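What follows is a single structure, written as structure tokens, with notes after it.
The values are calculated or read from the model by the stated rules, or taken from the named source; none is laboratory data. Note that the structure is a prediction, hence the values are computed from the model and not measured. All Cβ positions, even for glycine, are placed from backbone atoms using ideal geometry, and neighbour counts span all protein chains on display.
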Amino acid sequence: MELLEHLVTATRKPGLFRTHQPLFLLSHMRANTSLLGHILGSNPAICGYYEMHNGYYSWKSLLRQKLLYYRDHDLKPQAKYMFDKVLHDFHYVDMNLLNQANARIMFSAREPEKTIKSTLSQFRRERPGHEFCDTEEVCQYYCQRLQTLEQMAAAAHEYVYFDADELRRNTAELLQRLTTWLELDVPLRPEFDNFHFSGKLDSGDLSGRLASGKVEKSTSDYSDIEIPETLLEQAQDAYARFTVTMEAGSLPL
């Protein structure tokens with residue numbers, strides 16, 4: 001069925017075979033990745049904005065990424081980047097593939113307490129009974145994901161790293177730095193479009209905050225959610241080690 005859909009897409013939109021430079025955000029859940037994806041995807045030079053749930057094993061995976069995206073979206077005539085974000089270990093990413101494809105690679109992480117509480121809040125609201133409704137499971141995911149990201153960064157030829165909360169805290173400065181790094185003719189802006197998959201299940205943020213079409217400085221209050229001290233300390237230690245390593249290896253941004 002998927003093969004037939006891909007054949008239809010390729011026939012209807014042959015322009016998708018034009019060369020695009022891969023652009024990846026490698027991060028974890030609830031790290032403002034949907035917000036950044038929408039900002040990037042609203043730029044005329046960038047195709048993609050949502051989590052495509054695609055593994056990256058070979059050049060065929062990069063082609064599949066394009067076919068999946070263009071199945072539901074129009075071609076951008078000025079696009080030079082093809083964007084995706086990968087937030088889970090079960091979506092494999094071969095860093096040698098990204099290196100050979102001259103991919104632009106961004107790593108980003110958010111401090112653990114807000115991340116864990118935000119994850120628990122979303123899953124308890126949207127998916128009761130899911131494993132990520134359990135605090136220990138979310139903490140384990142967070143710590144394991146940071147470890148995986150660190151390993152991926154070590155295998156990357158080059159990358160940039162930034163604190164995920166900088167997107168809300170220092171919006172203009174971060175977007176200006178990303179604009180320069182990506183060599184964009186049109187600057188990234190804090191206002192953005194809503195798209196076909198915006199706010200939909202399995203495609204990113206379900207909170208409804210993206211509907212405003214702009215970066216909101218305020219964050220949700222999760223004071224009703226408690227994290228056992230031992231679990232929080234483990235996550236904080238993992239994050240502290242992670243940031244030291246990532247900042248040391250990052251290109252200047």
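If you go through the stretch 119-136 one residue at a time, do you hit one that is within 20 Å of ALA248 (Cβ to Cβ) and of a type outside the set (Ser, Thr, Tyr)? Outline the logic, then answer.
Step one: list which residues in the stretch 119-136 are within 20 Å of ALA248 (Cβ to Cβ), which gives none.
Within the stretch 119-136 (the criterion being within 20 Å of ALA248 (Cβ to Cβ) and of a type outside the set (Ser, Thr, Tyr)), the answer is no, since none of the residues qualifies.
Checked against the criterion of being within 21 Å of LEU7 (Cβ to Cβ) and touching a residue at least 60 places away in the same chain (Cβ under 8 Å), the stretch 79-88 contains one or more residues that satisfy it.
Among GLN151, GLN122, which is the only one that is crowded, with 16+ Cβ neighbours inside 10 Å, among the polar types (S, T, N, Q), part of a helix (DSSP H, G or I) and more than 16 Å from the chain's Cα centre (by Cα)? Don't jump to the end; show me each part of the working.
On the way: GLN151 fails: crowded, with 16+ Cβ neighbours inside 10 Å.
Answer to the check: GLN122.
Does LYS66 satisfy the condition of being over 16 Å from the mean Cα position of the chain (by Cα) and modelled with pLDDT of 95 or more?
no
With respect to the conditions (1) over 20 Å from LEU174 (Cβ atoms); (2) at pLDDT 95 or above, ASN43 falls short on a single one, namely (1).
Among the residues of the stretch 192-247, which ones are loosely packed, with under 15 Cβ neighbours inside 10 Å and at pLDDT 95 or above? Listed by number, the residues that qualify are GLU226, PRO228, GLU229, THR230, GLU233, GLN236, ASP237, ALA240, ARG241, VAL244, GLU247.
The residue pairs whose first member lies in the stretch 225-250 and is over 15 Å from CYS143 (Cα atoms), whose second member is basic (Lys, Arg), and whose beta carbons are closer than 9 Å, counting only pairs six or more residues apart or on different chains, are ILE225/LYS117; ILE225/ARG124; GLU226/LYS117. Scan the stretch 125-145 for residues that are of a type outside the set (Phe, Trp, Tyr), in contact (Cβ under 8 Å) with a residue 40 or more places away in the chain and either outside any helix (DSSP H, G or I) or touching a helix residue (DSSP H, G or I) at 6+ places or on another chain (Cβ under 6 Å) (or both) and the total you get is 2.
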